[in-house]
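Visitor: Provided herewith is a single structure, encoded as structure tokens, for subsequent inquiry.
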Amino acid sequence: LNEIQNIVLIGAGNVATHLGLAIQKTGRSILQVYSRTKASAMQLANLLNTEFTCDPEAINREADLFILSVTDDAIREIVGKLNLGQKMVVHTSGSISMDVLWKCSENFGILYPLQTFSKSRSVDFNSVPLCVEANSKDNLHLLEHFAKELSRKVVEVDSEKRKILHLAAVFACNFPNFMYNVADQILADKGLNFELLRPLILETAMKVQELKPDEAQTGPASRGDKMILQKHDELLREYPDYREIYKKLSEAIRKLKSKWEIYE
Ligand SMILES: NC(=O)c1ccc[n+]([C@@H]2O[C@H](COP(=O)([O-])OP(=O)(O)OC[C@H]3O[C@@H](n4cnc5c(N)ncnc54)[C@H](OP(=O)(O)O)[C@@H]3O)[C@@H](O)[C@H]2O)c1
């Protein structure tokens, strides 16, 4: 089985940036970066000290692995423009099935990093769970071997299970982050500083490293504190959308809580 040594990154966003840096650390080469716009292709190519192109025709076909890390909606469009023959190609999406890749190569798979990435923030890639899947046993071995050099947490996950992981990740990461945004806005409107909430946010995340989420749940809805719920409802009058979210979430917490109480 051939090793993966040379890689082309297709897409130059958050994930491509972090993957590119992690791959280089293992001593492998990023041959080229392709992206839709020159500015982002050039920015990542400069960071990785490599070449770039914005022309799908000019993508370097010499690589051992092509990593497609573009927005989910663009995956199909790019796949239609690539003809990679037998070259190994993977995408990094949580919710797009592996089979979209068969049109561009005979050898394909998934390299889904279960972490939140922003270009501006460094991550310890070694602890990022990497979910892998491939269209043959050989390709799976090849990909697993490659992934294990990048992270100590490599798991084989099929496309159906990956979609569920992605769904859970939206609840565990994207929604809480939106809640931080809401908190920030409510505080800022009253001249208060978000900084005061940072220890609370950190402790909330740290707690579930040891406790199960249902054991860690606190707050007025969990306690069934009707007076506070009513007060918060009044305070939220000027934010009808957030008022609705508060109500729905509080109801959901109550429902779950009574379910636990029945089972206890
Ligand atoms: N960010 C995360 O936390 C995260 C975590 C795990 C998995 N993922 C998955 O990884 C993939 C990339 O996510 P990301 O956060 O890195 O996205 P991103 O930062 O928004 O970058 C998207 C990249 O796709 C390119 N692109 C968008 N539309 C295109 C099109 N029509 N044709 C060609 N290129 C196009 C953009 O090119 P230009 O910049 O040149 O316009 C950009 O380089 C997605 O499938 C996402 O679901 C993301």
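Visitor: Is the shape of the chain best called rounded, prolate or oblate, per the rule: a/c under 1.5 gives rounded, else a/b larger than b/c gives prolate, else oblate, with a ≥ b ≥ c the square roots of the Cα gyration tensor eigenvalues?
Guide: On the way: a/c = 2.50, a/b = 1.97, b/c = 1.27.
Taking the square roots of the gyration eigenvalues as a ≥ b ≥ c, the chain is prolate.
Visitor: How much net charge surrounds L48 when only other residues with a Cβ under 12 Å from its Cβ are counted (Lys, Arg +1; Asp, Glu -1)? Show your work: numbers first, answer last.
Guide: Numbers: positive: K25, R28; negative: E51.
Local net charge: +1.
Visitor: As I understand it, the value is the acute angle between the Cα axis of helix 38-48 and the longest principal axis of the Cα atoms of the chain; what does it come to in degrees, rounded to 10?
Guide: Taking Cα atoms only, the helix is inclined about 80 degrees.
Visitor: For the chain, what is the mean residue ellipticity at 222 nm derived from helices alone (per DSSP H run of n ≥ 4: -39500 (n - 2.57); sum divided by total residues; nearest 500 deg cm²/dmol)? Mind showing how you got there, number by number?
Guide: On the way: 11 runs with 125 residues, N = 264.
Calculated from helices alone, the mean residue ellipticity at 222 nm is -14500 deg cm²/dmol.
Visitor: If you build a Gaussian network model of the chain, linking Cα atoms that sit under 10 Å apart, which residue out of P113, P199, P176 swings the most?
Guide: Of P113, P199, P176, the most mobile in the Gaussian network model is P199.
Visitor: For the chain, modelled as a GNM with alpha-carbon contacts under 10 angstrom, which of V15, V70, V182 fluctuates the most?
Guide: Among V15, V70, V182, the largest mean-square fluctuation in the Gaussian network model of the chain belongs to V182.
Visitor: By a straight-distance test (C-alpha under 19 Å), which lysines pair with K163 as possible cross-link partners, with residues fewer than eight away in the same chain excluded?
Guide: K153
Visitor: Compute the FRET efficiency between Q5 and N181 as 1/(1 + (r/R0)^6), taking r as their Cβ-Cβ distance and R0 = 51 Å, and round to the nearest 0.05. Working shown, then result.
Guide: Values: r = 42 Å, r/R0 = 0.83.
Rounded to the nearest 0.05, the efficiency is 0.75.
Visitor: Sticking with this structure for a sec: Cross-link partners among lysines for K137, C-alpha distance below 19 Å, same-chain residues fewer than 8 apart left out?
Guide: The reachable lysines, counting only those whose Cα sits under 19 Å from K137, are K87, K148, K161.
Visitor: Further question on the same structure: How many angstrom lie between the C-alpha centres of the stretch 41-111 and the stretch 225-262?
Guide: 45 Å
Visitor: If the chain between Q209 and S222 were fully stretched, how many nm would it gain, using 0.36 nm times the residue separation less the Cα-Cα distance? Don't skip to the end; give the middle numbers.
Guide: On the way: separation 13, 0.36 × 13 = 4.68 nm, distance 2.01 nm.
Once the chain is fully extended between Q209 and S222, it gains 2.7 nm.
Visitor: Using all C-alpha to C-alpha distances in the stretch 87-225, build P(r) with 5 Å bins and read off the rounded percent in each one.
Guide: Bin by bin from 0 Å, the calculated values are 2, 8, 13, 16, 17, 13, 10, 8, 6, 4, 2, 1.
Taken together, the values in this text are just the output of simple stated rules run on the coordinates, not laboratory data. On a predicted model such as this, the values are computed, not experimentally measured, just so you know. For neighbour counting, all protein chains shown are included, and Cβ atoms are generated from backbone atoms with ideal geometry for every residue, glycine included.
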